[in-house]
1. Along the positive direction of the dipole of the chain (beta-carbon charges: Lys, Arg +1; Asp, Glu -1; about the Cα centre), which of ILE18, LEU126, GLY45 reaches farthest?
2. Place a +1 charge on the Cβ of each Lys and Arg in region 3-68 and a -1 charge on the Cβ of each Asp and Glu, then give the dipole magnitude about the Cα centre in debye, rounded to the nearest 20.
3. Charges at C-beta only: +1 for Lys and Arg, -1 for Asp and Glu. How large is the resulting dipole of region 77-257 about its Cα centre, in Debye rounded to 20?
4. How big is the antiparallel share of DSSP beta bridges in the chain, given as a percent to the nearest 5?
5. If the elastic network links every pair of Cα atoms under 10 Å, which of SER207, SER41, SER83 fluctuates the most in the Gaussian network model of the chain?
6. Show that you can apply the helix-only estimate: for the chain, add -39,500 (n - 2.57) for every DSSP H stretch of four or more residues, divide by all residues, and state [θ] at 222 nm to the nearest 500.
7. Before anything else, pin down the relative contact order of the chain: Cα pairs under 8 Å, at least 6 apart, normalised by residue count, whole percent.
8. Which of the pairs LYS86/LYS120; LYS61/LYS134; LYS155/LYS191; LYS134/LYS156 have their Cα atoms more than 22 Å apart in this structure?
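Every read-out reported here was derived from the displayed coordinates using simple, explicitly stated rules and does not represent laboratory data. From a predicted model like this one, the values you see are computed outputs, not experimental measurements. Don't worry about glycine lacking a Cβ; one is built from the backbone with ideal geometry, like all the others, and counts go over all protein chains shown.
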Amino acid sequence: MQRYFVAPEQFRDGVITITGEDAHHAARVMRMKADDQLIASDGTGLSALAVVREVTPQEVKAEVLELLAPDSEPAWTVTIAQSLPKGDKMELVIQKGTEIGAAAFLPFESERMIVQYDAKKEAKRLERWSKIAKEAAEQSHRHRIPSILPLASWKKLLAGISDYDLALFCYEREGDRAHGQGIGDVVRAWKQERVEAMESASGKEPSILLIVGSEGGFTEREAEEAQAAGARLAGLGKRILRTETAGLVGLTCLLYESGEMGGA
């Protein structure tokens, strides 16, 4: 069944109003007509099965039949902090990360970042990334659209680590079992320390920041600074992963450890 995301103000009083490109898609591409059904979400977790009442290329109105439980959202809210990669790699990270279950994406600057950041292109880039996240959320039957946060400096990234229940710094040296710990080891130790107490006290979903380097990886100094700021170093295996692969692997590991894929 076709799914669309609408702004919260377009989802009220039992009526869903779809406009813009989505209305054109519904009318011209899907050829929807009165009495067809669709699913609409407001991007924050509210979703409903609705029946179409009116269709034009500019606007589609649908009546809510029933509200749907947001059962496709992960129990842990994971933000992928990705050092800005070159080319269209960030688009891949956002698209596939959204499908897997990321809650947000935070691009940031690091020492070995290859791409030259252009502030003039920031707004256009964020708009493009947001569109990719929306389309991927629709395709994967998400009830929320992940947030795309503005590019952060290294110092701002470090300052924000304390806002999360757990920050994982993906560091290739930790992939060597003789040297460090894998992401599973780190997360299981953290769960033992904090998750049970936190969930029993408040029922709050754990928030996790997954920090991934650029094509050149992280320097030893960056690893030390991240650790000093409260992040835990974690490896993603013995092999060296591409920057666009590392965050997706880490996210999958986290969702497994949350119990969504049979872990926990």
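1. Checking the options against the dipole of the chain, the answer is LEU126.
2. 200
3. Values: 26 positive and 27 negative charges, 87 e Å.
The dipole of region 77-257 has a size of about 420 debye.
4. The antiparallel proportion sits near 45 percent.
5. In this elastic network of the chain, the residue with the biggest mean-square fluctuation among SER207, SER41, SER83 is SER207.
6. Numbers: 8 runs with 81 residues, N = 264.
Result for the chain: -9000 deg cm²/dmol, rounded to the nearest 500.
7. Working: 516 pairs, mean separation 53.8, N = 264.
The value is 20 percent.
8. On the way: LYS86/LYS120 16 Å; LYS61/LYS134 20 Å; LYS155/LYS191 27 Å; LYS134/LYS156 26 Å.
LYS155/LYS191; LYS134/LYS156, as the Cα separations exceed 22 Å there.
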